[in-house]
Amino acid sequence: AAAQSGVPAIAVSQDHRRSEYATAARISTRFAAGLLERGSRPGTFYSINVPVDGEEGLGSTVVAPMAGMNFRIEGFREERLPDGKQTARAYLRMEPLAPPGSDTEHFLAHRVTVTPLAFDWTDREALEELSSWEGGGR
């Protein structure tokens with residue numbers, strides 16, 4: 001909401017195994033100060049990810065595009081919930097390698113990552129493809 005209103009916005013995440021917040025706070029504060037000094041792009045918000053290592057153990061901060069790990073469904077298992085309803089649980093396997101150059105690859109290499117994000121998630125290729133359908137996709 002902030003970025004959509006023209007207010008610089010930052011989202012900060014850290015590895016779930018990290019039990020202190022001072023390192024992420026220091027990193028975020030430095031980034032915010034730089035953002036206020038240099039300005040931010042309208043409608044852009046910034047994602048900062050802090051790995052588990054202590055600040056001294058962290059590699060450099062890297063600006064990288066967002067790209068997560070790929071998951072594959074290995075199968076399903078039916079289960080009965082405590083209320084008696086049936087459900088199915090998917091079993092997922094994470095691919096061993098993150099996409100090259102991605103924020104995930106750098107994060108797994110113990111680097112702080114910064115990714116500028118925007119709200120337009122439109123798949124431009126699919127948009128073009130659908131537009132070419134007879135009747136304009138209708």
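Of the listed residues Val114, Val52, the order by accessible area with a 1.4 Å probe, largest first, is Val52, Val114.
Rolling a 1.4 angstrom probe over the protein chains, ignoring ligands and nucleic acids, what is the accessible area of Glu79 in square angstrom, nearest 10? Its accessible surface works out to 40 Å², give or take rounding. For region 1-84, the set of chymotrypsin sites (Phe, Trp or Tyr not before Pro) satisfying both a DSSP loop assignment and a count of at most 13 other C-beta atoms within 10 Å is given as Tyr21. Modelled spin-label separation between Ala22 and Val63, with each label point placed 7 Å from Cα along the Cα-to-Cβ direction: 3.0 nm.
The mean accessible area for residues of the chain, using a 1.4 Å probe and ignoring ligands and nucleic acids, is 73 Å² per residue. The charge dipole of region 53-119, taken about its Cα centre with unit charges on the Cβ atoms of Lys, Arg (+1), Asp and Glu (-1) only, comes to about 400 debye. Note on Ala118 and Thr87: the model spin-label points, each 7 Å out from Cα along the C-beta direction, lie 3.8 nm apart.
For the chain, a crude dipole built from +1 on the beta carbon of Lys and Arg and -1 on the beta carbon of Asp and Glu, taken about the Cα centre, is about 320 debye to the nearest 20. The HN-Hα couplings worked out from phi for region 40-52 by the Karplus form 6.51 cos²θ - 1.76 cosθ + 1.60 (θ = phi - 60°) are 10, 6, x, x, 9, 10, 10, 9, 10, 10, 10, x, 5 Hz, whole numbers, x standing for Gly and Pro.
The distance between label points at Ala32 and Gln4 comes to 2.2 nm (points 7 Å beyond Cα on the Cα→Cβ vector). Kirkwood radius, the chain, all distinct C-alpha pairs, inverse of mean reciprocal distance: 18.3 Å.
For region 41-113, the orientation-averaged shadow of the C-alpha convex hull comes to 8.4 nm² (one quarter of the hull surface).
Extension gain, Phe71 to Leu130, is 18.5 nm, computed as 0.36 nm per intervening residue step minus the present C-alpha separation. When the chain is described by a simple charge dipole with +1 on each Lys and Arg Cβ and -1 on each Asp and Glu Cβ, the residue from Val114, Ala32, Trp133 located farthest towards its positive end is Ala32.
The values are calculated or read from the model by the stated rules, or taken from the named source; none is laboratory data. Since this is a predicted model, take the numbers as computed values, not measurements. Quick reminder, even Gly has a Cβ in these numbers, built from the backbone with ideal geometry, and neighbours come from all protein chains shown. Remember, those area values only see protein heavy atoms, side chains included, never the ligands or the DNA or RNA. Shrake-Rupley method; radii C 1.70, N 1.55, O 1.52, S 1.80 Å.
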